[in-house]
Amino acid sequence: MEIGIGLPNAIRGVQGPALIDFAREAEQAGFSSLGTIDRIVYDNYESLIALAAAAAVTERIRLLTSILIAPLRPNTALLAKQAASVDGLSGGRLVLGIAPGGREDDYEVSGIDFHTRGGFFDRQLDELRRLWDGDQVGPKPARPGGPMVVLGGQSDAAFRRTAEHGAGWMMGGGTPDMFREAMPKLDAAWKEAGREGEPRRMALGYFSLGPDAERSANENLGHYYAWLGDYAQQIAGSAAKDADTVKQYAAAFEEAGADEFVFFPASPDPGQVTLLREALG
């Protein structure tokens, strides 16, 4: 199983130079992917812009949106152009993780109907491939057919979309058991769509290491997920805060069938990259 690391683009108070340093450190540490989390109503750096900056200071590491809320970009031609641009700037390293999301406030401030997002997202998925394959919108993606697309979400529609449009599926938080229980649904949708081979199977979780681990997790994750009420502190409490827990999470998701697990930091400190690498051994 590959191990990726999240870029702290959604940690409150993070500054641009820290994101750049974090990206450099992640590349040097040998992680497989550099992920971003997407929101509108929050003090975070936009995902594709953050990854474009990361592309300029890295050469190898994959650049992953995990996930990008696609219907919040209703101009699908522009979204296709933005994704192709990041893919081209990075030499074909973009992995476009996308889903319709579940935050009503993000849709309200964007002036977009939250309740019709599923149908609109389905149309976007069809349109993205057509645009990447055609000549109307440039630049051409670095790879024929466009960037690798990974779908998020745990509904039946999410697995259908993965089988029809994606190269894989990503679970955006949850336990190894939840991941394992989702695999039959993913496999059934893949088979029903007549797809050959196997879908890529991905998941993410949180970590916070060092002397301020507990405080960083409670303050930053608790703030980001405050809209979930008491459950926010459960998320903060579940973050891996020592080397043993980091290793246990990695081993458990590998055993559950994940091809890649992405550890997202609860702190913007680039030193977290080294701490995670050391914890993984």
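Bear in mind these aren't lab numbers, they're just calculated from the coordinates by the rules spelled out. Bear in mind the structure is a predicted one, so any value in this text is a computation, not a measurement. Cβ atoms come from the backbone with ideal geometry, glycine included; neighbour counts cover every protein chain shown.
Figures for the structure shown
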read-out: Sequence-separation-based contact order of the stretch 2-280, relative, with Cα cut under 8 Å and 6+ spacing, percent; value: 21
read-out: Relative contact order, percent, the stretch 1-134 [alpha-carbon distance under 8 Å, six or more residues apart]; value: 22
read-out: For the stretch 128-185 versus the stretch 230-269, the gap between their alpha-carbon centres in whole angstrom; value: 22
read-out: Dipole magnitude of the stretch 2-280 about its Cα centre (Cβ charges: Lys, Arg +1; Asp, Glu -1), debye to nearest 20; value: 640
read-out: Residues whose placed amide H lies under 5 Å from that of G97, excluding near-sequence neighbours; value: T65, L68, V150
read-out: Charge-dipole axis of the chain as Lys and Arg at +1 and Asp and Glu at -1 on Cβ define it, positive-most pick from F114, P268, I98; value: I98
read-out: The stretch 106-257, relative contact order in percent, only Cα pairs under 8 angstrom and at least six apart counted; value: 16
